[in-house]
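Written below as C-alpha cells is the structure these notes are about.
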Amino acid sequence: MSDQPTQVPSTTLVRVAMASCAGTTIEFYDFFIYGTAAALVFPTVFFPALGSAAGTVASLATLGVAFVARPLGAVVCGHFGDRLGRKNTLVATLLLMGVATMVIGLLPPAGVIGAAGPILLTVLRFLQGFAVGGEWAGATLLAAENAPPGKRGLYAVFPQLGPAFGFALASATFLVVDLAVGSGSPAFLSYGWRIPFLASAVLVLIGLYVRLAVTETPAFREHLAELEASGTPEVLPLRAVFRAQWREVLLGGGVLTILFALFYVATAYLTSFGTSRSGAGLTRATVLGLGIVASIALAITTVAAGVLSDRFGRRRTIIVGYALTIPAVVVLFAWLTGGSGVAFAVTLAAMMGLYGIAYGPVGAYLPELFQTAYRYTGAGIAYNLGGILGGAIAPLVAAALAAAHGVLAVGVLLGVLGVLSLLSTVALRASGARDRRLAASPKLERTL
C-alpha cells in the first residue's frame, strides 16, 4: 500500500468541517443546557423537598451521572465506529442525544409525579452522557482522518469548537427565555426552562442533514479494504486497544482531566456561584451574558492553539497550556474570594481561554496516538476517562471545598489536577512521527 495519503477534495473537506462542527455543537448544546438548568432551575423543580443548598447539591450530582455513562458510550459507540464506520455511528449518537434532551423538556416536575421525576431525570441524563461519550471521538476522527498532511491540527479544530459554540448557544437561549418571562418567575420555573430543551429538535434535524451528506473517511475505507484483501479477521476493538495501547489510554485520560475540570467548574460551579448571594451576587441574565463572552474567548484560543500545533507540535502546545493554567487558576480563585463581579467575569473568561489552549490540539493529538482498527475506541475511552475525574468529580468536590475552606480551595484543586495532566502529557510520547498520515494499515502505522 502506498505511503501517500488519499487526497480528499476541497469541497468534501468543507462538508466534513461543517458536519463535525455542527454535530458537536448540537451535542454539547444539549449537554450544556442541562448543566445550566441543573444550576439554576432543577433544585426547585425536581428537588424541592431537599431545600436550597441540598437541592443544589443533588441537582449537580445528576451531572456526574452523565460522566459515568460517557466511558460506556465510548466503548459501545467505539466498537461500532471501528467496525461499521464513523459516519453511521455519529448519526446514531446525534439522534440519541436529541431524543433524550427533548424528553427532559417534557418531564413533569416532582410536585406532579413525585420521586419519579428525579429518577427519570437521572436516566435521561445517563442517555445524554452515553451519546456524548460516543460523539467526540467520532467527530474528531471524521475531521482528522480527512485532513490533508500538515493541516490536521487546523481541521481537527472544527469539532473542538463544539463546546464553545454549544455553551454560547445554550447561554444565549436561556438568556432570551429569562428576559422574556422574567428571572425566577413562576413562568420560568413552570415552562420557560423547557424551551431550550424542546428547541433542540430543530437543531438535531439540521445536524442530521449535514451529517448524512458526508461520506466515510479514507482511512476507515482503506482499513476495510485491507481486511477484505488479506482475509484477516477483525479483532474486538476494546480488547485490541487495551492489549496494544493501554498506556496511551490511561495517560490520555490523565491529559484530559484538567480540561474537563476547567470547563465544568466554569460552566456548572461558577454559574451557581455567580448568581448566589454568598458568591458574586450577579443577576441570572448577567451570568448568562458573561458565559457568552467566555465562549468567545474559548473559540479564539481553541482555533489559535490548533493551528499552532501544526507548526510546533501537539504535545508541546498542550504542555505550554498546562504550564500557564496551573499558577493562573490559583491566582484567579484567590481574587474571586472577594466576591467581585469583575473578578467573576475575568475568572470565567480566563478559565475558558486557558481550556482552549490545550483543547485545540487534543482533537488531532488523541487520534494520532491510536491505530485505525481501534482508533475510535481508544481515543473515545481516553477522552471520557478524563471526563470522570475532571468533569464528574471536580464540580462536586469544588462545591464542598468552597463551603468548608473557601473558594480559594477550588483553585488549589484545579492546580493539583493541572499538575496531573501536565505529568501525563510529559509521559506520553509526541505524536509528530504519525503527523504525516493517519494510515489505515496497522503494519504501516507501526513504522511511522
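Where nothing but the Cβ of Lys and Arg (+1) and of Asp and Glu (-1) is charged, how large is the charge dipole of segment 40-159 around its Cα centre, in debye to the nearest 20?
Approximately 240 debye in magnitude.
What angle do you read, to the nearest 10 degrees and between 0 and 90, between the alpha-carbon axis of helix 116-144 and the longest principal axis of the chain?
Orientation of helix 116-144: about 40 degrees from the principal axis.
Counting alpha carbon pairs within less than 8 Å and at least 6 residues apart, what relative contact order, in whole percent, applies to the chain?
That works out to 25 percent.
If I take every Cα pair under 8 Å that is 6 or more residues apart in segment 180-335, average their sequence separation and divide by the length, what percent do I get for the relative contact order?
With pairs under 8 Å counted, the relative contact order is 9 percent.
Quick check: net charge around Leu94, other residues with Cβ under 12 Å of its Cβ, Lys/Arg +1 and Asp/Glu -1?
Cβ neighbours under 12 Å give a net charge of -1.
Over all distinct Cα pairs, what is the inverse of the mean 1/r for segment 186-243, reported as the Kirkwood hydrodynamic radius in Å?
15.9
Under a point spin-label approximation (7 Å from Cα along Cα-to-Cβ), what is the Ser52-Arg311 distance to one decimal in nm?
5.1
Distance from the Cα centre of segment 336-413 to that of segment 195-262, in angstrom?
21
Just grab the label-to-label distance for Ser276 and Ala403, each label 7 Å out from Cα along the Cβ direction, in nm (one decimal).
According to this spin-label approximation, the distance is 0.8 nm.
Based on the inverse mean of 1/r over its pairs of different Cα atoms, what is the Kirkwood hydrodynamic radius of segment 115-223, in Å?
Kirkwood radius, segment 115-223: 16.8 Å.
What is the distance in Å between the Cα centroid of segment 276-328 and that of segment 36-98?
Result: 23 Å between the Cα centres.
Working from Cα positions, state the angle (0 to 90°, nearest 10) between the long axis of helix 408-427 and the longest principal axis of the chain.
It is inclined by approximately 0 degrees.
Quick one: grab the alpha carbon gyration tensor of segment 173-281, order the square roots of its eigenvalues as a ≥ b ≥ c, and give me rounded if a/c is under 1.5, else prolate or oblate depending on whether a/b is larger than b/c.
Oblate shape, in that a/c is at least 1.5 and b/c is the bigger or equal ratio.
Quickly estimate the mean residue ellipticity at 222 nm for the chain, helices only: each DSSP H run with n ≥ 4 gives -39500 (n - 2.57), and the total goes over all residues, rounded to 500.
Calculated at 222 nm, the ellipticity per residue is -26000 deg cm²/dmol.
So if we plug the beta-carbon distance of Val123 and Glu228 into 1/(1 + (r/R0)^6) with R0 = 51 Å, what FRET efficiency do we get, rounded to 0.05?
0.80
So which residue, out of Val75, Val330, Val181, gets the largest mean-square fluctuation from a GNM of the chain using Cα contacts under 10 Å as springs?
Result for the chain, Cα springs under 10 Å: Val181 fluctuates most.
With a ≥ b ≥ c the root eigenvalues of the C-alpha gyration tensor of segment 286-428, is it rounded (a/c under 1.5), prolate (a/b larger than b/c) or oblate?
It comes out prolate by the Cα gyration axes.
Using label points projected 7 Å from each Cα along Cα→Cβ, tell me how many nm separate Val176 and Ala61, to one decimal.
3.5
Can you tell which of Val112, Val91, Val362 shows the greatest fluctuation in a Gaussian network model of the chain with Cα springs below 10 Å?
The residue that fluctuates most here is Val112.
Can you tell me the 0 to 90 degree angle between the C-alpha axis of helix 284-312 and the longest principal axis of the chain, rounded to 10?
That works out to roughly 20 degrees.
So with the 1.4 Å probe, I'd like the accessible area per residue for segment 105-231, rounded to whole Å².
Roughly 37 Å² per residue, with all protein chains present.
How long is segment 369-417 along each principal axis, judged by its Cα atoms, biggest number first, in Å?
Its Cα atoms span 48, 16, 8 Å along the three principal axes.
Could you work out which residue, out of Leu154, Leu270, Leu106, moves most in a Gaussian network model of the chain, that is, has the largest mean-square fluctuation with Cα springs under 10 Å?
Leu106
Working out 0.36 nm times the residue gap between Val235 and Val426, then minus their Cα-Cα distance, what length gain in nm do you get to one decimal?
Net length gain for the segment: 65.7 nm.
Considering Cα pairs under 8 angstrom that are at least six residues apart, work out the relative contact order of segment 258-364 and quote it in whole percent.
43 percent.
From zero outward in steps of 5 Å, how is the percent of C-alpha pairs of segment 53-98 spread across the bins?
5, 19, 20, 19, 12, 9, 7, 5, 2, 0
Stokes-Einstein D for the chain at 10 °C, 1.306 mPa s, Kirkwood Rh over Cα pairs, in µm²/s?
Here the translational diffusion coefficient equals 73 µm²/s.
For the chain, which whole-number percentage of the solvent-accessible area (1.4 Å probe, protein heavy atoms only) is attributable to carbon and sulfur atoms?
Of the solvent-accessible surface of the chain, carbon and sulfur hold 72 percent.
Toward the positive end of the charge dipole of the chain, about the Cα centre and with charges on Cβ (Lys, Arg +1; Asp, Glu -1), which of Gly85, Ala304, Ala61 goes farthest?
About the Cα centre, the residue reaching furthest to the positive side is Ala304.
The values are calculated or read from the model by the stated rules, or taken from the named source; none is laboratory data. All values derive from a computational prediction rather than experimental measurement. Don't worry about glycine lacking a Cβ; one is built from the backbone with ideal geometry, like all the others, and counts go over all protein chains shown. Keep in mind that these areas ignore ligands, DNA and RNA; they rest on the heavy atoms of the full protein, side chains included. Shrake-Rupley method; radii C 1.70, N 1.55, O 1.52, S 1.80 Å.
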